Amino acid sequence: MSEPERVSLAFIWDTASPHFSRRTFVRTMAFMGAAGFAAACGSSGNNSSAGTGSAGGSTPFRLSNKPEAKVLNFYNWTDYIADDTIPNFQKETGIKVTYDNYDSNDELFAKMRTGDTGFDLIVPTDAFVVKMKHADLLQPLDLSLITNINNLDPRFRTADYDPGNLYSIPWQWGTTGIGFDQTQVGGSVTDWDAFNLPAVNGKSAFLDEARDAFAMALFALGHDPNTLDTGQLDDAEKYLIDLKKKVKSITSDYQDPLKSGELLLCQAYSGDVFQIQTDNKNVQYVIPKSGAFSWVDNMAIPKGAPHPRNAETFMNYILEPKVGAALTNYVQYGSPNKAAEPYIDKSITGNPLIYPPASVLAKLPFQKDLGENEIEYADRWDKVKSA
Amino acid sequence: MSVAAADPPPAREQHAHRRRLPNWLKANLLLLPTSVWFAFLLVIPTAIIVGYSLGKRGIIDPVHFSWGHLIWSNYTEALNTIYLPIFIRSIEYAAISTLLCVVLGFPLAYWIARFGGRLRNVYLVLVIIPFLTSYLIRMYAWQFILQRNGLLNRLLGDVGLGRNHEFLNHPSAVILGLTYGFLPFMILPLYASIERMDKALVEASYDLGHGKISTFFRVILPSTAPGLVAGVLLVFIPAVGDFITPELLGGVRTQMIGTTIADQFGGTQNWPLGSSMSILLTAFILIGVFVYLRRVGEEAL
């Protein structure tokens, strides 16, 4: 083949094109405009039809008389269930469980927002129970079917994020404290001021979550972590902007860096740190003295779930003392199930980081649902991140 | 070949002529699929973003839009001086990356075009191959290479240079990522231009007494300007708005405007502000491109 005939891959980038006359240009633009207009009409037409469709579909909220197929579609966090939980449930009830996993609340929330996902049971963290409730993504529970609810520790029956458990039943709980590498930190870590230790300067991080980061500042300053007081929030904002100068990053993706020693100290969820310990024994967890948020992951039923009854059956099953204990013995988080405690391993109930004594527990409030006032935190968080 | 076959029946030709569409319509029909595509995925989304940028924010519903109550203050908020350092930093990182892409890309493109011989297309494929992997995955790969117990530190440790260097969370890591990620965008248009350049011009320049440097600046550079202009635009524009690279390779002091905009749609939940920032950034880039093209000359493209 002769040289000029060779097809060059670079032809797609060839910017020299035959000259375009003004008339062709105008005509082409007019044509594209018309096509765009037609497309726009088409899309608005689609929207309206979709709108009526969903309005019609949402009216029969729950078909209570229709018997459900013996199926439960369960969407849970990765590595967050005992090996025998599902097989035993299937054996006892004859309900077949399909099990799928996600890695973050954001992922779960985004998926639920897309509409009908077919899942019957999800496990959002408290703050996301609130968000999903407001976004009208959850359906109220039929508590008459969850007779074991009284097995719950009373603390979880009146929690600020869902008082009365109208939408959610707690799964496991923990705290948002500090994870650190004890061989590298070079000092004792007992409270939030550990971020000031010289050895961790530029090697620490805090969470990329507005409410968690502000709670850290508010606890450290001795203020209410759910405050809406302007003066206290001003203090906290200033605290975080100052703290930002000392840390390496603001991230919720801290597990690998903490494991590898890239980060020596970070604000962390208790369970994450316990998981790191299986690979790196030097990483320790502490509940800061001045206080920290408790978090709770909760079972909830998405709106439009095909098998809500089966989900409630599962919730009731998990609340059985021995089942709840087996779950906790496996995943090693705190159980909200008071009746399960006698069956939980002593190494877990005796661990003050998982089962803190009453005096510590008093300083571990839940995050409160602030409704539209969350904006107050969001705006200040933006200022901290942009500072 | 028979004579009859070379001479088609006249009736069929007439028939074909009658059904032929006018030329302008025929050409525009080719544009139909793309036009619909752009209408759905560019024009309408942009209109939605403009709408969001004039809406009122909320926590439960992220945006409340009403024609009677357009919130123009989203734009003044987006121009708040607290975002200025982030904006300047984005331009700085993108500009340095673009420059590095030119410095790294030009010699390679020139070499492939002039000395690549029969294997030219193979070399081009080699440039494109990393492109077939998702940008996100390539940036994660850099994270693995640069992190504290990463490949680079281990390698340095093995040759006795210490294994505890901090490469991540530094501006140079972000610039490295951007340069690496967008380099093919520079090489390909440069290659197209260089390949088209008349080799005889270079010889003529030597014959007329110009040295190598003078020939480069007076002959090679002007005749490859179209590729250079295209390459600069293709690298600078995505780099300035990038948010994955600073997120994965940078830290608390390397935030770029793309990250700030992404935050408005994530943690901060201020969609109207994020939308107005996007519109302003787009407008800024369009004006920048316009001025740039006016200065370097539209002929170059």
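Just checking, does segment A:117-131 include any residue being surrounded by fewer than 17 Cβ atoms within 10 Å (Cβ to Cβ) and in contact (Cβ under 8 Å) with a residue 24 or more places away in the chain?
Yes, because at least one residue in segment A:117-131 is surrounded by fewer than 17 Cβ atoms within 10 Å (Cβ to Cβ) and in contact (Cβ under 8 Å) with a residue 24 or more places away in the chain.
Do the conditions hold for B:V252, that is, is it under 20 Å from B:R89 (Cβ atoms), at pLDDT below 90 and in contact with a helix residue (DSSP H, G or I) (Cβ under 8 Å, 6 or more places away or on another chain)?
yes
State the number of residues belonging to segment B:24-47 that are surrounded by 13 or more Cβ atoms within 10 Å (Cβ to Cβ) and either in contact with an Asp or Glu (Cβ under 6 Å, 6 or more places away or on another chain) or more than 10 Å from chain A (Cβ to nearest Cβ) (or both).
Of the residues in segment B:24-47, 1 are surrounded by 13 or more Cβ atoms within 10 Å (Cβ to Cβ) and either in contact with an Asp or Glu (Cβ under 6 Å, 6 or more places away or on another chain) or more than 10 Å from chain A (Cβ to nearest Cβ) (or both).
Any residue that is within 23 Å of the chain's Cα centre (by Cα), over 25 Å from A:V360 (Cα atoms) and assigned to a loop (DSSP other than H, G, I, E, B) - is there at least one of those in segment A:284-294?
no
Quickly run through segment B:200-234 and pick out the residues that are of a type in the set (S, T, Y) and part of a helix (DSSP H, G or I).
B:S205, B:Y206, B:S214, B:T215, B:S223
Do the conditions hold for B:W37, that is, is it of a type outside the set (D, E), in a helix (DSSP H, G or I) and at negative phi?
Spelling it out, B:W37 is indeed of a type outside the set (D, E), in a helix (DSSP H, G or I) and at negative phi.
Out of B:P226, B:P272, which single residue is within 11 Å of chain A (Cβ to nearest Cβ) and surrounded by 20 or more Cβ atoms within 10 Å (Cβ to Cβ)?
Of the residues listed, the single one that is within 11 Å of chain A (Cβ to nearest Cβ) and surrounded by 20 or more Cβ atoms within 10 Å (Cβ to Cβ) is B:P226.
Looking only at segment A:252-283, count how many residues are assigned to a helix (DSSP H, G or I), of a type outside the set (D, E, K, R) and more than 9 Å from every other protein chain (Cβ to nearest Cβ).
Counting residues in segment A:252-283 that are assigned to a helix (DSSP H, G or I), of a type outside the set (D, E, K, R) and more than 9 Å from every other protein chain (Cβ to nearest Cβ) gives 9.
Taking segment B:137-147 only, how many residues are within 14 Å of another protein chain (Cβ to nearest Cβ) and either surrounded by fewer than 12 Cβ atoms within 10 Å (Cβ to Cβ) or under 25 Å from B:L190 (Cα atoms) (or both)?
Number satisfying all stated conditions: 1.
For A:G187, are the conditions met, namely being under 27 Å from B:L248 (Cβ atoms), in the same structural domain as A:S290 (by TED's automatic domain parsing) and not hydroxyl-bearing (S, T, Y)?
no
Scanning segment B:148-179 for residues that are surrounded by fewer than 20 Cβ atoms within 10 Å (Cβ to Cβ) and in contact (Cβ under 8 Å) with a residue 24 or more places away in the chain, which turns out farthest from A:Y254 (Cα to Cα)?
B:L176
Return the residues of segment B:90-122 that are out of contact with any Ser or Thr (no Cβ under 7 Å at 6 or more places or on another chain) and buried (at least 19 other Cβ atoms within 10 Å of the Cβ); say none if nothing qualifies.
B:S90, B:Y93, B:A94, B:T98, B:G105, B:F106, B:A109, B:Y110, B:I112, B:A113, B:R120
Looking only at segment B:247-268, which residues are facing another protein chain (nearest Cβ under 10 Å), assigned to a loop (DSSP other than H, G, I, E, B) and crowded, with 19+ Cβ neighbours inside 10 Å?
B:G250, B:G251, B:V252, B:T254, B:Q255, B:G267, B:T268
For residues that are among the polar types (S, T, N, Q) and not in a helix (DSSP H, G or I), tally how many sit in segment B:78-111.
1
Within segment A:318-387, considering only helices (runs of 4 or more DSSP H) that don't extend past its boundaries, which have at least 1 residues that are buried (at least 22 other Cβ atoms within 10 Å of the Cβ)?
It comes to A:321-331, A:374-386.
Just to check your reading of the model, which residue among B:R114, B:R120 is touching a helix residue (DSSP H, G or I) at 6+ places or on another chain (Cβ under 8 Å), part of a helix (DSSP H, G or I) and facing another protein chain (nearest Cβ under 10 Å)?
Checking each option against the conditions leaves just B:R120.
Report, by residue number, each residue of segment B:55-77 that is assigned to a loop (DSSP other than H, G, I, E, B) and either of a type outside the set (A, V, I, L, M) or in the same structural domain as B:L280 (by TED's automatic domain parsing) (or both).
B:G55, B:G58, B:D61, B:P62, B:F65, B:S66, B:W67, B:G68, B:H69, B:W72
Would you check which residues across segment A:231-251 are touching a residue at least 40 places away in the same chain (Cβ under 8 Å) and more than 9 Å from chain B (Cβ to nearest Cβ) and list them?
A:L233, A:A236, A:E237, A:L240, A:I241, A:L243, A:K246
A quick yes/no check of all residues on (1) closer than 25 Å to A:S260 by Cα; (2) in contact with a helix residue (DSSP H, G or I) (Cβ under 9 Å, 6 or more places away or on another chain); (3) within 11 Å of chain A (Cβ to nearest Cβ); (4) basic (K, R):
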{"position": "B:L201", "(1), (2), (3), (4)": "no, yes, no, no"}
{"position": "B:G209", "(1), (2), (3), (4)": "no, no, no, no"}
{"position": "B:A239", "(1), (2), (3), (4)": "no, yes, no, no"}
{"position": "B:T245", "(1), (2), (3), (4)": "yes, yes, no, no"}
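The values are calculated or read from the model by the stated rules, or taken from the named source; none is laboratory data. What you see is a predicted model, and the numbers here were worked out from it, not measured in a lab. Cβ: placed from backbone, ideal geometry, glycine included. Neighbour counts: every protein chain shown.
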